[in-house]
Structure formats: C-alpha cells, structure tokens
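The values are calculated or read from the model by the stated rules, or taken from the named source; none is laboratory data. Please read all numbers here as calculations on a predicted model, not as lab measurements. What goes into the accessible areas is simple: the full protein's heavy atoms, side chains included, and nothing from ligands, DNA or RNA. Shrake-Rupley method; radii C 1.70, N 1.55, O 1.52, S 1.80 Å.
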Amino acid sequence: MRNVQLGLFAIPLQCIAIAQVDGQRVMRCGLVQGFHTSTWVVVAVQVVGALCTAVVIKFAGNVLKTFATVLALLLTCGSSMVLFDFHPTQLFFEGIGLVCVSVWLYARPGDVSDVLGLCRRKESSPRSAPLRHIPDDVSEEELPPKDGQIVV
C-alpha cells in the first residue's frame with residue numbers, strides 16, 4: 001500500500017516536470033518517443049520481475065525472498081549479457097558461484113554439519129533435535145544428554 005501512496009504522490013510531480021522540460025516534444029511526438037526494442041525488453045524484464053517478486057512476497061518466507069531477489073538479479077545480468085553485450089568480471093562470476101552454493105546449501109535436505117561430517121546423530125532422531133559434536137572415540141550412549149536434546 002505504501003508503494004501506491006508514493007506512486008500517487010509522484011505521478012503529478014513527474015507530469016509537471018515533463019510538461020516543463022519536454023512539453024512541446026511530447027505534444028509533437030508522443031510520450032514514448034525514442035523507445036527502441038531494447039527499451040521495451042528492459043521494461044518487460046522489469047514487469048516480469050516485479051510480478052514474480054509479488055508472488056514470492058505473498059507465498060514465501062524471508063530467506064526464500066532473499067534468494068528470489070538474488071535470482072532475479074542474476075537473470076537480469078544474464079539478459080544484459082545477451083542483449084547489451086555486458087562483460088562481467090571474474091569477481092562477478094565468483095559471486096555467482098557463492099550464491100549458487102548458498103542456495104544449494106539452503107535448499108537441499110539435511111544439515112550442513114551432516115554434509116561436512118562435523119556432527120553425528122542417530123538416524124531415528126527427529127530432524128529438529130539439537131546436534132552435538134561427539135568425538136570419534138566416544139559413543140553416544142556414554143555421554144549424558146544435554147538440556148533440550150532428544151535421546152532415542
């Protein structure tokens with residue numbers, strides 16, 4: 001709702017600015033003069049991105065919203081590479097790699113610590129049970145349970 005309020009406030013101000021700066025040219029050639037195919041492609045990408053963002057905001061959690069925003073930026077960059085001959089740097093590709101790894105770590109089943117082999121848990125323990133680091137030479141049965149830990 002805040003965006004609608006800001007937009008309704010800004011539209012009359014922008015119409016005044018257009019009339020002052022380019023009023024004669026707009027009257028002669030129209031409001032979208034000079035728009036090329038690439039301009040309309042950018043507008044279409046922004047519209048599709050905004051609609052996708054609206055769907056994500058309505059149906060997703062905060063972390064997923066962040067990943068969706070990053071994905072939208074990456075897709076926009078990919079489109080820019082194709083449409084506008086954009087040449088990203090090595091650091092940009094390293095950033096893309098980190099983003100892809102973070103999305104994979106977030107979306108895959110299991111805990112990161114399980115993948116890295118840092119912690120062990122019994123297979124029958126629920127997923128929400130807290131993890132404990134247990135040295136390899138000690139069995140779980142020898143350790144007393146910690147507060148809040150589920151022992152099966």
Which value, in Å² rounded to 10, gives the accessible area of Cys29 with a 1.4 Å probe and all protein chains present? 80 Å²
Semi-axis lengths, Å, region 1-77, gyration tensor of Cα atoms, sqrt of 5 times eigenvalues: 32, 18, 8
Roughly to the nearest percent, how much of the accessible area of region 1-104 is carbon and sulfur, given a 1.4 Å probe? 72 percent
